[in-house]
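Right, one structure below, let's go through it.
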Amino acid sequence: MRCPYCGNTETQVKDSRPTEDNGAIRRRRFCPDCGGRFTTFERVQLRELIVVKRSGRRVPFERDKLMRSLQIALRKRPVDPERVERMASGIVRRLESQGETEIRSETIGKLVMEALKALDDVAYVRFASVYKNFREAKDFEELLGELSGEGERSLDETSE
């Protein structure tokens, strides 16, 4: 494994242990050249997934991109990083178990929305605002109305 600090390819594993959900191996590594310490994860990959974008372009699925999206949505929220890791692993398992190698980006977005809605309402709204390309305040009002179980009613109607 290449050291992210100095590029040395001769790093040493200092500790290995399974993640909480046993879906990966967490390895603490040490670089003898620069003294840097870092963590890597080793996971089983059932199949190569290809994401079909809205434009029709096809790109390889990247778990790290999924994690970054989740972390952005959950920034400054009181959610344990292990829960985020388990959520990402669950989404990837669901994608891999669908039996298809090509996955539409909308499918991934819906799975992320479901997972975030169950975990944290603020993160759900943050992700939805980007995923659904909100342009006006009423877009937020409608989503918040759905969250509170009030369906299509606007905020004006609920304050009366």
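The values are calculated or read from the model by the stated rules, or taken from the named source; none is laboratory data. Keep in mind it's a predicted model, so treat the numbers as computed, not measured. Note that we place each Cβ from the backbone using ideal geometry, even for glycine, and neighbour counts take in every protein chain shown.
So that you can scan it fast, the table gives a plain yes or no per residue for (1) under 15 Å from the mean Cα position of the chain (by Cα); (2) touching a residue at least 24 places away in the same chain (Cβ under 8 Å):
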| site | (1), (2) |
| --- | --- |
| 36 | no, yes |
| 40 | no, yes |
| 63 | yes, yes |
| 73 | yes, yes |
| 114 | yes, no |
| 118 | yes, no |
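If you go through segment 62-84 one residue at a time, how many are touching an Asp or Glu at 6+ places or on another chain (Cβ under 8 Å), among the acidic types (Asp, Glu) and modelled with pLDDT of 85 or more? Going through segment 62-84 one residue at a time, the tally reaches 0. A single member of 54, 93, 29, 83 is touching a residue at least 40 places away in the same chain (Cβ under 8 Å), of a type outside the set (Phe, Trp, Tyr) and surrounded by 13 or more Cβ atoms within 10 Å (Cβ to Cβ), and it is 93.
Does residue 123 satisfy the condition of being touching a Lys or Arg at 6+ places or on another chain (Cβ under 9 Å), surrounded by 12 or more Cβ atoms within 10 Å (Cβ to Cβ) and either closer than 28 Å to residue 4 by Cα or modelled with pLDDT under 80 (or both)? Step through it out loud before you land on a result.
Values: touching a Lys or Arg at 6+ places or on another chain (Cβ under 9 Å): yes; surrounded by 12 or more Cβ atoms within 10 Å (Cβ to Cβ): yes; either closer than 28 Å to residue 4 by Cα or modelled with pLDDT under 80 (or both): no.
Spelling it out, it is not the case that residue 123 is touching a Lys or Arg at 6+ places or on another chain (Cβ under 9 Å), surrounded by 12 or more Cβ atoms within 10 Å (Cβ to Cβ) and either closer than 28 Å to residue 4 by Cα or modelled with pLDDT under 80 (or both).
What residue, of 44, 59, is at pLDDT 90 or above and among the aliphatic types (A, V, I, L, M)? Write out each step before concluding.
Details: 44 fails: at pLDDT 90 or above.
When all the criteria are applied, what remains is 59.
Applying the selection to segment 9-25, what residues are modelled with pLDDT under 85 and either over 21 Å from residue 85 (Cα atoms) or in contact with a helix residue (DSSP H, G or I) (Cβ under 8 Å, 6 or more places away or on another chain) (or both)?
In the first step, residues of segment 9-25 are kept if they are modelled with pLDDT under 85; the result is 19-24.
Hits for segment 9-25 are 19, 20, 21, 23, 24.
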